[in-house]
Amino acid sequence: MGKKVLFFGDVGIDDAIALVYARLTEDIEVIGIVAEYGNVSKRETTRNVRFLLKRSKKEYVKVYGGAEHPMTGEVPTFYPDIHGPFGLGPIDPGLKFENLENFCEVINLIEQYKHELVIVTTGRLTSLATLFILYEDLMKSVNSYYIMGGAFLYPGNVTPIAEANFHGDPIAANIVMKYVNGAYIFPLNVTQKAIVTPAMVNYIHSKGKTDLVKPLLDYYYYNFYQKKVLGIQGSPVHDALTLMAVIRSDLFTFYQSAVVVNSTDVARGQSIADFRATANPEKFDGRPLQHIAVGLDYEGFYKDFMSIMTGEKF
């Protein structure tokens with residue numbers, strides 16, 4: 001069996017691509033999903049998760065109810081122009097909202113797997129921060145953390161300096177960065193380079209292992225990035241790259257530093273690390289060191305992604 005993953009997500013298009021990737025590889029076993037607000041509302045996220053689990057015949061995977069609002073107390077902003085009206089591009093999950101496992105029940109899952117459990121979070125960090133506030137010692141027993149978020153010395157995607165997950169709840173992001181130790185962080189610096197071109201999408205679709213990639217990436221998502229990022233050749237799959245890293249850490253170059261997330265005014269969501277060559281990062285605000293991805297082997301990403309999605313060796 002593959003690595004045991006507890007997935008936290010605000011399941012829009014790129015989260016869905018990540019879950020499709022997980023379904024098609026034997027090296028990752030998603031054993032639970034925390035559905036929370038972010039790209040879409042918690043309610044839509046839950047429907048999307050149920051839809052994806054039903055399509056993959058994995059309805060037995062427990063779905064836990066995560067956060068509905070950020071720790072800032074604000075009404076969250078959703079992104080139908082990027083992810084479509086339901087969060088899955090043109091796809092309507094067509095399911096009724098179902099009750100979720102109580103969020104606190106996720107503790108039983110963490111206690112059950114502890115040192116072999118990998119937590120992957122691809123959305124706002126509100127739910128994960130809550131667990132660190134309530135169960136710090138237990139959360140330290142988790143094997144490893146993989147976090148999609150931040151933009152280090154790199155342009156943001158919702159403001160000139162901030163990435164959406166850190167910007168959406170900077171208080172939660174800062175809590176996680178203060179209490180997690182040795183997490184693997186995948187910022188826009190590298191995830192924006194995980195491009196799936198229209199030719200790749202068409203080839204995946206032609207092979208028939210999944211019929212979800214093409215509708216997910218073909219319209220809303222692709223068109224948004226064509227307008228937003230000058231010269232981009234396709235759709236960046238931020239969240240799939242983060243989940244892929246659980247089994248393919250060799251594709252990345254990492255830099256170690258503590259991380260602080262700004263929560264004030266125009267700098268809200270800014271991710272700060274110490275990149276000075278002569279610095280001693282261990283003394284940076286007294287925080288633990290994180291592994292920040294700063295480089296991606298795109299050829300390796302391409303071969304792995306296409307191999308998993310098509311069943312062919314690339």
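Computed from the coordinates by the stated procedures, all read-outs in this text should not be read as laboratory data. All values reported here derive from a predicted model rather than from experimental measurement. Heads up, the Cβs are rebuilt from the backbone with ideal geometry, glycines too, and the neighbour counts pull from every protein chain shown.
Filtering the stretch 37-48 to residues that are part of a helix (DSSP H, G or I) and in contact with a Phe, Trp or Tyr (Cβ under 9 Å, 6 or more places away or on another chain) leaves Arg43, Glu44, Thr45, Thr46, Arg47, Asn48. Please go through the stretch 122-139 and pick out each residue that is small (Gly, Ala, Ser), in a helix (DSSP H, G or I) and in contact (Cβ under 8 Å) with a residue 60 or more places away in the chain. Matches in the stretch 122-139: Ser127 only.
For Thr72, the conditions (1) closer than 21 Å to Tyr219 by Cβ; (2) of a type in the set (S, T, N, Q); (3) over 14 Å from the mean Cα position of the chain (by Cα) all hold with the exception of (1). Residues in the stretch 62-121 that are in contact with a strand residue (DSSP E or B) (Cβ under 9 Å, 6 or more places away or on another chain), among the aliphatic types (A, V, I, L, M) and in a helix (DSSP H, G or I): Val106, Leu109, Ile110.
Can you confirm whether Phe275 is crowded, with 21+ Cβ neighbours inside 10 Å and under 26 Å from Pro170 (Cβ atoms)? Taking the combined requirement at face value, the residue does not satisfy it.
State whether the residues of the stretch 233-250 include one that is over 28 Å from Glu116 (Cβ atoms) and surrounded by fewer than 16 Cβ atoms within 10 Å (Cβ to Cβ). Within the stretch 233-250, one or more residues are over 28 Å from Glu116 (Cβ atoms) and surrounded by fewer than 16 Cβ atoms within 10 Å (Cβ to Cβ). Scanning the stretch 33-48 for residues that are closer than 19 Å to Cys104 by Cβ and surrounded by fewer than 24 Cβ atoms within 10 Å (Cβ to Cβ) returns a single hit, Lys42.
Selection of first residues in the stretch 78-90 that are touching a residue at least 12 places away in the same chain (Cβ under 8 Å) and among the small types (Gly, Ala, Ser) and of second residues that are surrounded by fewer than 20 Cβ atoms within 10 Å (Cβ to Cβ) and outside any helix (DSSP H, G or I), restricted to Cβ pairs under 8 Å at least 6 apart or on distinct chains, gives the following pairs, ordered by first then second residue: Gly84/Pro90; Gly84/Ile91. The test for being more than 18 Å from the chain's Cα centre (by Cα), over 20 Å from Gly156 (Cα atoms) and not in a helix (DSSP H, G or I) does not hold for Ala199. Selection within the stretch 1-32: residues that are among the hydrophobic types (A, V, I, L, M, F, W, C) and over 12 Å from the mean Cα position of the chain (by Cα). The member of this set that is surrounded by the fewest Cβ atoms within 10 Å (Cβ to Cβ) is Met1.
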